[in-house]
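Novice: Next up is a structure, given as structure tokens.
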């Protein structure tokens, strides 16, 4: 193959091959070809339907009928049929939660390797939390099946169906071509089915008078509802951001101060690189202090143009800070049971900060809402910093991690921070 032929081939690969409206001549040729091609002379639609009917009549059942292990048959002889149905549906949930755990593992791998910049989407810490809960549900189902005398390794008929259905979501997410938003669409479809499945299982357990199992299902259903709402919110936010082109109005207000801000940022980065090693908590405290000083400059000036210039710096600082916390710091802290709730609370506070940053960035140049909304942002950020530093989180971390662990984590945060700053520039 000649070099120019290879280039032409690659260009052809980029052509949209799924639509015909942009090429009416080829569309007409395609339709004409279909009209001129006669159907198969040896078989019509009715005969095809008959063949399919034969396959349906002769096909073996899918999956394996739930079976009871030795020692349980006599105890439940009067409820055997109901128990078989229950074990089938428990097997279905088990298969779904196993696949759901895998689904979030694959999505998390893609998320972390993509270096996502969309602030409206999920964080690595949130995804790990959901993945862990899916796995906990899987283990609970294993125990429930065993307690009823069933075999959790049996692929029941309903489980077989779920395996096929849920495999499509995993394929979408694992496809290297799909974006984070497109993968979230697959997660949303899975979560919708998961919620209905847990609700049905809970009602079945209640009907059979299995109060403990009913309560477990209700608890799992509540967690799955949280998962659904989060995925739905992430997908909606990212879709809206994509529809807006990912460009905030504030970025269109170019003036000569941009160059000065970039120069100051480069100097700050150089200064940080030259400094001694900081442990993770010291580094995060420095970030908090830097933003606090910028807000103090905002309070000290009455010039609207200067306020907007300072807001751009604040926005850059906060975007970098929240990203490194959510991608490096929070996932590490979630390894400790004592810190999980604190981390989730901080993530929720981050969401409010990001929302305010987006809203401020979209306000027009002369908007009367800019100053009061900037003040609300300041209050939220200062509250967040105070809660982390002087509340329970940082003191608890000092109890759990030694100096070397904090220094190592600080180096990871520093590297993530420099990477983020390079991308922003």
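Novice: In what order do 312, 65 fall by count of nearby beta-carbon atoms within 10 Å, going from fewest to most?
Specialist: Going from sparsest to densest Cβ surroundings: 65, 312.
Novice: Another question, if that's okay. Sort 307, 375 by Cβ crowding within 10 Å, fewest neighbours at the top.
Specialist: 375, 307
Novice: Grab the Cα-Cα distance for residue 422 and residue 64, subtract it from 0.36 nm times how many residues apart they are, and report the gain in nm with one decimal.
Specialist: Numbers: separation 358, 0.36 × 358 = 128.88 nm, distance 5.56 nm.
Using 0.36 nm per residue and subtracting the Cα-Cα distance, I get 123.3 nm.
Novice: Using only the alpha-carbon atoms of region 123-196, report the extent along each of the three principal axes, biggest first, to the nearest angstrom.
Specialist: So the three principal-axis extents are 43, 27, 22 Å.
Novice: What distance in nm lies between label points placed 7 Å from Cα along the C-beta direction at residue 85 and residue 338?
Specialist: 4.9
Novice: Based on the Kirkwood radius over alpha-carbon pairs, what is the Stokes-Einstein translational diffusion coefficient of region 323-406 at 20 °C with 1.002 mPa s viscosity, in µm²/s? Numbers along the way, then the final one.
Specialist: On the way: Rh = 14.4 Å.
Rounded to a whole number, D works out at 149 µm²/s.
Novice: While we're looking at this one, here's another question. For residue 359 and residue 182, what is the calculated FRET efficiency with R₀ set at 35 Å and r taken between the beta-carbons, to the nearest 0.05?
Specialist: 0.85
Novice: For the pair residue 403 and residue 132, how long in nm is the line joining their label points, each one 7 Å along Cα→Cβ?
Specialist: Spacing of the two 7 Å Cα→Cβ label points: 2.9 nm.
Novice: Alpha carbon centre of region 325-349 versus region 366-385: separation in Å?
Specialist: 24
Novice: Could you calculate the contour length gain from residue 47 to residue 345, that is, 0.36 nm times the residue separation minus the distance between their Cα atoms, to one decimal place in nm?
Specialist: Here the segment from residue 47 to residue 345 would lengthen by 101.0 nm.
Novice: Fewest to most neighbouring Cβ within 10 Å: what's the order for 64, 404?
Specialist: Lowest to highest Cβ neighbour count: 404, 64.
Novice: Pairwise over distinct Cα atoms, reciprocal of the mean inverse distance: report the Kirkwood radius of region 109-237 in Å, one decimal place.
Specialist: About 16.1 Å, per the Kirkwood formula over Cα pairs.
Novice: How are the alpha carbon pair distances in region 257-424 distributed across 5 Å bins from zero to the largest one, expressed in percent?
Specialist: 1, 8, 17, 21, 20, 15, 10, 5, 2, 1, 0
We did not get these values from a lab; they are worked out from the coordinates using the rules stated. It should be emphasised that the depicted structure is a prediction, and the values quoted were computed from it without experimental measurement. Cβ atoms come from the backbone with ideal geometry, glycine included; neighbour counts cover every protein chain shown.
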